[in-house]
Amino acid sequence: MTDTILIIDFGSQVTQLIARRVREAGVYCEIASYSKAEAAFYLLKPVGVILSGGPSSVYWTDAPRAPNCVLDAPVPVLGICYGNQTMVAQLGGAVEGGHAAEFGRAEIEVIAESPLFAGVWTQGNRDTVWMSHGDKITRVPDGFHVIARSDSAPNAAIADEARRRYGVLFHPEVAHTPKGAALLANFVLRVCNAKPDWTMTQYRSAEIAKIRKQVGKARVICAMSGGVDSAVAAVLIHEAIGDQLTCIFVDHGLMRENEAKDVVDLFRGHYNIPLVHVNAATKFVGALAGKTDPEVKRKIIGGLFIEVFEAEAKKLGGVGFLAQGTLYPDVIESVSFTGGPSVTIKSHHNVGGLPERMNLKLVEPLRELFKDEVRKLGRELGLPESFVGRHPFPGPGLAIRIPGEVTAEKLDILRKADAVYLDEIRKAGLYDQIWQAFAVLLPVRTVGVMGDARTYDQVCALRAVTSTDGMTADFFPFPYEVLGRAATRIINEVKGINRVVYDVTSKPPGTIEWE
């Protein structure tokens, strides 16, 4: 049986990063809202528990608490930021507000050895960590001692080695704490003695067996979007049940250059997976005529997708299951940290859930995986690197990269510009260093001179961002010569564009798409 770490979520925007770091150490974990943590604890029987950060203060009357069964259990517990503070308060210590806050980078000094720090820090070490707290621990519970401090937090890290209870005020899960991943690995591997047996080979075998048991002899349909998630889900399910699976590829005409052909060639030609290709480009583009609001465009695309997909599914008949590329972040985000129920299901186009009237049971073989794990599974299944490693692409496609009205002419212009841009990135050997790169056709025109003629054409914006977690992003520092070559080629080769700009904005936690 695979060892499991339970992460109790108190509302931190980076709780998912804790899970990513634990899994990077080769250990399986799950996240549960604090309001459902007791049930999850008894169900999962974890070998260790991590309490996440959160926006609350422990002295609020309605402040969330860790279940007593967790703090009383013999398994190790690590509290992070708010998780540390509530553990301290619940075990008899004291936390107060009104003291000097710490937000951002801070330096800690290690003042005692600990299994939590083994191989990471030794007594006397000073290192950079990321703090984000406004409250202060003024008294540690009986049995605890301080193992690290900072200028504003004399109790920056504490430990009760006998009970295997640990707390840190900083965030080891974020990249801004350089040795944080090693600290979390220490907790799960050294303190919890968890077996590092969470691998894609193991997951693949277990999931295939699970799919066969769930589906039996029934038929399954999968909406193929052209993205990595639905592709990996389809290949995994096909490996499990063969031709009981049929994929429906709704080609909405909003994809990148040659993308529709690539999807059909890969899944019909290489994998021989039954695939229905529906060319609905004219219908989608026509429905978008005159529409400028991005949310309206998304709803139109989502509504039409459901309409076309449902019609094709009815033609097949006798289908019992719907396969979706739901990922673990989708599962987590569908329920608020206060435990509210999900009101929508994910569609692989990210534009709205498929209707309940289809009356199909769900097969979601990726719902326990993060995006980087899906890519690993894709490689495990033999999907080509050109497909597995491609940059994320939004479900509504190029429609949200054309602010304002979407037309066939604008789509053609943007598709060509985007292809040139990505081609130059690949030629420069930079594609894999970038999380996401794309072109945007701006709703402005400028006067320019090309040769001896004056032009009045559109402006193309280029965007490229780096990201380690898919939640935060920073612009990619292109060498000028690469940007120059891309801009020159776009202006020379793409009729309708006479100016190219590069977007250097960063993104806070949340979506890293254009809109």
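Odds and ends about this structure:
- Label zone at Phe103, where the point sits 7 Å out along the Cα-to-Cβ direction: the range 123-142 residues whose backbone N lies under 17 Å: 130-136
- Here's the picture: charge each Lys and Arg Cβ at +1 and each Asp and Glu Cβ at -1 in the range 129-206, and of Ala159, Pro178, Pro196 the one pushed furthest to the positive end of that dipole is Pro196.
- Surface composition of the chain: carbon and sulfur atoms hold 52% of the protein heavy-atom accessible area at a 1.4 Å probe.
- Accessible area of the range 146-302 divided out per residue, in Å², using a probe of 1.4 angstrom: 39
- About its Cα centre, the chain has a charge dipole of approximately 940 debye under the convention of +1 per Lys or Arg Cβ and -1 per Asp or Glu Cβ, with nothing else charged.
- Compactness index (Cα Rg / 2.2 N^0.38 Å), the chain: 1.08
- Computed from backbone phi, the HN-Hα couplings of the range 363-373 come to 10, 10, x, 10, 5, 9, 10, 8, 4, 5, 6 Hz, rounded to whole numbers (Karplus: 6.51 cos²θ - 1.76 cosθ + 1.60, θ = phi - 60°; Gly and Pro given as x).
- FRET efficiency, Glu96 to Gln433 (Cβ-Cβ, R0 41 Å, nearest 0.05): 0.35
- Cα→Cβ-extended label distance, 7 Å offset, between Glu295 and Gln214, nm: 3.2
- Relative contact order of the chain, pairs being alpha-carbon contacts under 8 Å that are 6 or more residues apart, as %: 11
- Only protein heavy atoms count here; on that basis, with a 1.4 Å probe, Lys261 has an accessible area of about 120 Å².
- FRET efficiency, Met358 to Val504 (Cβ-Cβ, R0 51 Å, nearest 0.05): 0.70
- The range 249-323: relative contact order as a whole-number percent, Cα under 8 Å and 6+ apart: 33
- Simple label model, 7 Å out from Cα along Cβ direction - Arg367 to Asn279, nm: 3.7
- Projected label points at Ile111 and Gln123, each 7 Å from Cα along the beta carbon direction, are separated by 1.3 nanometres.
- Length released on extending from Val264 to Thr488, taking residue separation times 0.36 nm less the Cα-Cα span: 77.4 nm
- Cα centroid of the range 156-226 to Cα centroid of the range 262-327, whole Å: 33
- Debye, to nearest 20: dipole size of the range 1-74, +1 on Lys, Arg Cβ, -1 on Asp, Glu Cβ: 140
- For the range 5-153, the relative contact order is 21 percent, taking Cα pairs closer than 8 Å that sit 6 or more residues apart in sequence and dividing their mean separation by the residue count.
- Computed E for Glu481/Thr446 - FRET, C-beta separation, R0 35 angstrom, nearest 0.05: 0.90
The values are calculated or read from the model by the stated rules, or taken from the named source; none is laboratory data. Here the structure is a predicted model, which is why all the values come from computation and not from measurement. Reconstructed Cβ throughout: ideal geometry from the backbone, glycine too, with neighbour counts over all protein chains shown. To get the accessible areas, we keep the full protein, side chains included, count just its heavy atoms, and leave off ligands, DNA and RNA. Shrake-Rupley method; radii C 1.70, N 1.55, O 1.52, S 1.80 Å.
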